Amino acid sequence: MNIATTHKNTDFDALASLVAATFLYPRMLGVLPGQMRDNVKAFLALHRDLFRLIPRKGLDISGVSRLVVVDANNWKRLDRMEGLAAGVKIEVWDHHMSGEDIRGEMTSIQPLGANVTQMVEEMRNRDCAFSPMHATLFLMGIYEDTGHLSYPSTTPRDAAAAAFLLEQA
């Protein structure tokens, strides 16, 4: 089984990155942590059926052969995934430049305002097709983590990804 997951207390950048992982890895299931921010819960209450996401609760991870971690790079931030470290192919997409302890075969840690920015860039490179609703979610991730492109951590790449997504929405 191939799964992607993100950090506990999931925000929109984490959710958008998780959904983006299901586009970059077509047979990947997105695993939602048990704890999510209230605005993310409300969004998913309306739109969950649009995404390939399953809850962490009750998921047997013993058959996992590949794990993609998005918007996090520390085992403690994940929802009961520590047991996957041995024998599992791990890939990491993150924008947090410190605190990492997950060792992946592929690691992309970019100094960006939002993690989903680098994933949207890769989706664009691979010519992944997605709906206007997906573009809206990706924009929500960028806007939330960059303060609507106003935080000092915002980069030109975040703005370019947002512009591309606005063209798709």
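Worth a mention:
- The C-alpha atoms of the chain define a longest principal axis, and helix 132-146 lies at about 90 degrees to it.
- Amide H contacts of Asp94: Asp71, Ser108, Ile109, Gln110, each under 5 Å away and 5 or more positions distant or on a separate chain (H built 1.01 Å from N in the peptide plane; Pro and chain starts excluded).
- In the context of the full set of protein chains, residues of the chain present 46 Å² of accessible surface per residue (probe radius 1.4 Å, heavy atoms only).
- Where a label projected 7 Å from the Cα of Arg80 along Cα→Cβ would reach, residues of region 1-38 with amide N under 13 Å: 32-35
- Three-way shape call for region 38-94 based on the alpha-carbon gyration tensor, with the a/c threshold at 1.5: prolate
- Modelled FRET efficiency - R0 30 Å, Asp38 with Asp127, Cβ distances, 0.05 increments: 0.30
- Ser98-Asp49 FRET efficiency (beta carbon distance; Förster radius 35 Å; 0.05 resolution): 0.45
- Here the chain has 53 percent of its accessible surface on carbon and sulfur atoms, given a 1.4 Å probe and all protein chains in place.
- From its DSSP helices (H runs of at least four residues, each -39,500 (n - 2.57)), the chain gives a residue-normalised ellipticity at 222 nm of -11500 deg cm²/dmol.
The values are calculated or read from the model by the stated rules, or taken from the named source; none is laboratory data. Please read all numbers here as calculations on a predicted model, not as lab measurements. FYI the Cβ positions are ideal-geometry reconstructions off the backbone, even for glycines, and counts take in every protein chain you see. Please note that ligands, DNA and RNA were not included when accessible areas were found on the heavy atoms of the full protein model with its side chains. Shrake-Rupley method; radii C 1.70, N 1.55, O 1.52, S 1.80 Å.
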